[in-house]
Amino acid sequence: MKDFKNEDALVLLSGGQDSTTCLYWAKQHFKAVQALCISYGQRHSQEVKVAQHIAEMAAVPFQLLDAGIISQLAPNSLTDLSMRMDEDKPADSYPNTFVPGRNMIFLTLAAATAYAKGIRHLVTGVSEADYSGYPDCRDTFIRSLNTSLNLAMDKQFIVHTPLMWRNKEEVWQLSDELGVFDIVRNETLTCYNGIIADGCGHCPSCKLRKKGLEAYLKKKSTLVEAGKI
Ligand code: ZN
């Protein structure tokens, strides 16, 4: 990646594994980092507290924005507690954990916030690998929105997606390389049922996180045994 060590970045922080890893990634690549957390009526308002705590631990400024209107848009099981959450991806559609428009709204809010702060680098933890295939996590969409944001605000924003091509195993590896494996493992909230760290173990998010963690720990122990690390 090009060197941006003289510039600041704004990181979208939800308090989960991915965005927390991105926060620490950004701390290595930019001069100063700020965290933006967006609440949208999601199942667990605890996420906001977790994100704030992580920002404190990382010693970065934290800002919270309310985008509660998202919960009034299309039905989804992250904001509608009466809906039963899909544990698997339906064959012909997205799981009901898909929140239509969410990442587009998030990045637009982040860009407007960054604009006001004179920041042009935005960092988000979206990924194409290993997920449910949400359309607004794809690289094509992010590039397209990046262009639109630049046109909308007449700025040269750069949206950074350090996890775009990493599966969960590789995201764990990255957190280890950044020296924050334990923080990510013990302090983040990824579980759809609101249980911090290793979570409930059976929701789709926990299953993905656990599978990646086990794969990474296995790989690491093989490398340690072989004396490679
Ligand atoms: Zn869970």
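The values are calculated or read from the model by the stated rules, or taken from the named source; none is laboratory data. Remember, predicted model here, so these are calculated numbers, not experimental data. So basically every Cβ, Gly included, is an ideal-geometry build from the backbone, and we count neighbours across all protein chains shown.
Looking across the stretch 171-229 at every residue that is within 10 Å of the ligand (Cβ to nearest atom) and polar (S, T, N, Q), the one that is surrounded by the most Cβ atoms within 10 Å (Cβ to Cβ) is identified as THR190.
Only residues that are touching a Leu at 6+ places or on another chain (Cβ under 7 Å) and either under 21 Å from GLU47 (Cβ atoms) or at pLDDT below 95 (or both) were counted in the stretch 146-188, giving 3. Kindly indicate which of LEU174, LEU213, LEU217 is closer than 21 Å to CYS22 by Cα and either in contact with a Lys or Arg (Cβ under 7 Å, 6 or more places away or on another chain) or in contact (Cβ under 8 Å) with a residue 60 or more places away in the chain (or both). Only one candidate passes the filter, namely LEU174. Return yes or no: is SER127 more than 16 Å from the ligand (Cβ to nearest atom), modelled with pLDDT of 95 or more and of a type in the set (S, T, N, Q)? In short, no.
Looking at PHE157, is it more than 16 Å from the ligand (Cβ to nearest atom), over 21 Å from ALA9 (Cβ atoms) and crowded, with 16+ Cβ neighbours inside 10 Å? When the stated conditions are applied, PHE157 does not pass them. Scanning the stretch 25-63 for residues that are assigned to a helix (DSSP H, G or I), of a type in the set (A, V, I, L, M, F, W, C), under 14 Å from GLY125 (Cβ atoms) and touching a residue at least 40 places away in the same chain (Cβ under 8 Å) returns TRP25, ALA26, ILE54.
Filter the stretch 182-223 down to residues that are among the hydrophobic types (A, V, I, L, M, F, W, C) and within 16 Å of the chain's Cα centre (by Cα) and give me whichever is nearest to MET57 (Cα to Cα). So, considering only residues that are among the hydrophobic types (A, V, I, L, M, F, W, C) and within 16 Å of the chain's Cα centre (by Cα), the one nearest to MET57 (Cα to Cα) is ILE183. No other residue among THR79, THR21 is under 15 Å from the mean Cα position of the chain (by Cα) and of a type in the set (Ser, Thr, Tyr) apart from THR21.
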